[in-house]
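Structure, as structure tokens:
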Amino acid sequence: MKKIITSLTFIFSIIIYAQDISGKWSGIIESGKNEPVVFNFTFEKNGEGYLTIIDIPAMRVANLKPKETVFLENKLVVDGSNLGFKYQGIFNKDLQQIDGMFTEGINALPLVLKKVQIETQNTFKRPQEPVKPYPYIEEEITFYNKEANISLSGTLTLPSKTGKYPIVILISGSGPQDRDETFYEHKPFLVLSDYLTRQGIGVLRYDDRGFGKSTGDHSKATTKDLASDVLCAVNYLKSRKVVDKIGLIGHSEGAIIAPMVANLSKKVSFIVMLGGSGISGSEVSLFLAKKTRGFPVQDEAAYELAIKKAIEIAAADKDITEIKKELRIHYNKTIVPMLKPIINSDVKISAIITNLIEMRTTTWNRYFYNYNPANELQKITCPVLVLNGGKDTQVQPEINQEGIRSALKKGHNKDFTINEIPNLNHLFQECETGEMNEYSTISQTIAPFVLKQIADWILVHSK
């Protein structure tokens, strides 16, 4: 499951003279693990506040819009909860810059913004990305989730042939993403949809709610809410005369949404799970908390117990105010003593704990902690293809495939294939380490033999 700060995808706002920060600003984040990343911000006055648009050229991300930007008495707060972060800064009048800290969970990185646009030149090569004109039909489409009162904008690619053919819906991983699932300078869903369509398989991919051209608020959506969007995509395809069988291909979080949707609609004929989990959200979250921790601890066992308890508190069926109070008491007893030796500032530690509490208690997280895809997989009767990379450092292949296999067997599913593919990471790139900071350095977006395996399996199960 991917997170914005772990991969350095974030946003924020800033300041300036005469209490007006309108204009273009830039800042650089250095994580110590990746090359410095430039963030360009455009601020537009909107009543008493500001509208913010962020572009991250090196990551091929544009038009990111944080939930709220507030600038008062030289203090800047950018609420990017819809994108998974918070930025707080102080305007330095002498240097005419904002000295701030970008925080997500327990990770915090300094970010200085100046009113100067830093130009960047993208040097990455992505040879698998298709170049127009395409040898197939491409349509801009919109479908609706009436219950949620949102519209979802996407792209439908159809083979240039008469008759009916299978069509798949691509479901992205965690966090708001565009229809191409743009991540670390790659566009996996663009490459996948192009390959499948050339093989005679139609593809629908769309911007997640609240992102790109789709409406809604992603920050308030749970995995179940996102599943309802996919269900609406299924219903939309039912209206298209060219549709033969409808399948779902989910990556990461999308892989655990797919079985949920398949159990809600008899129109789903098969599902493909790419880099998906087969264990509870609480277990996944514990693993990621240990994996992405940005600071050393002397006692790993104590840290693990602290995170387990924090997740247990956050997942409880209690009033959110009470949960936040319990979390603060818990963190002050467990995590704060771990932070003090490395962060010599009570103010910064307090900000980290506050943001960590907010992260643990988001609508999405509280639902995810209690969701176990194995419960949905037990009920799946349609064919299932499960692929995981052997070097995936975000979703451990062995333990998750064991959970998936056990659930499918328990449900007496008669047609499933589960493969762990050596030397592939979470994006299904051929790799050395599988670590996230390696993603952008690899020119390959998806290993060709993986594309072929997916297409061949779908064609066999569409007869």
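Okay, here's what the table says:
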| item | result |
| --- | --- |
| Backbone HN-Hα couplings from phi across region 376-389 [Karplus 6.51/-1.76/1.60, Hz, Gly and Pro as x] | 6, 5, 4, 9, 6, 10, 7, x, 9, 10, 10, 10, 9, x |
| Region 384-426: trypsin sites (Lys or Arg not before Pro) in DSSP coil with no more than 15 other Cβ atoms inside 10 Å | K414 |
| The chain: calculated mean residue ellipticity at 222 nm from DSSP helix runs of at least 4, using -39500 (n - 2.57) | -9500 deg cm²/dmol |
| Peptides ranked, highest mean first, by Cβ atoms within 10 Å: ranges 210-221, 431-442 | 210-221, 431-442 |
| Least to most buried among T223, T162 (fewest other Cβ within 10 Å first) | T162, T223 |
| Rounded if a/c under 1.5, otherwise prolate or oblate - region 329-462, Cα gyration tensor axes | oblate |
| Amide proton proximity set for I418, modelled H, under 5 Å, gap of 5+ | V386 |
| Folded to 0 to 90 degrees: helix 300-315 orientation relative to the chain principal axis, Cα | 80 degrees |
| Rel. contact order, % - alpha carbon contacts under 8 angstrom, at least six apart, region 281-369 | 36 percent |
| Percentage relative contact order, the chain, counting C-alpha pairs under 8 Å, at least six apart | 14 percent |
| Cα-based helix-to-principal-axis angle, 397-410 vs the chain, degrees rounded to 10 | 50 degrees |
| Counting DSSP beta bridges with both ends in the chain, the antiparallel % (nearest 5) | 70 percent |
| Sequence of T445, T142 once ranked by neighbouring C-beta atoms within 10 Å, starting from the fewest | T142, T445 |
| Filter on K224/K463; K308/K391; K245/K410; K24/K75; K241/K414 - keep pairs with C-alpha separation over 23 Å | K224/K463; K308/K391; K245/K410; K241/K414 |
| Calculated FRET efficiency for the pair N149/V112, C-beta based, R₀ 60 Å, to 0.05 | 0.90 |
| Relative packing of peptides 41-47, 278-284, 254-260 - highest average C-beta neighbours within 10 Å first | 254-260, 278-284, 41-47 |
| Region 307-400 shape via C-alpha gyration tensor axes, a/c threshold 1.5 | oblate |
| With Cα atoms, 0 to 90° folded angle of helix 346-360 axis to the chain main axis | 20 degrees |
| Neighbour-count order for W364, W25, W457, fewest beta carbons within 10 angstrom listed first | W457, W364, W25 |
| Dipole moment magnitude, nearest 20 debye, the chain about Cα centre, only Lys, Arg, Asp, Glu C-beta charged | 1100 debye |
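Rule-based calculations on the coordinates, nothing more; no lab input. The model shown is predicted, which means the values in this text are computed figures rather than measured ones. Here Cβ is always computed from backbone atoms with ideal geometry, including for glycine, and neighbour counts include all displayed protein chains.
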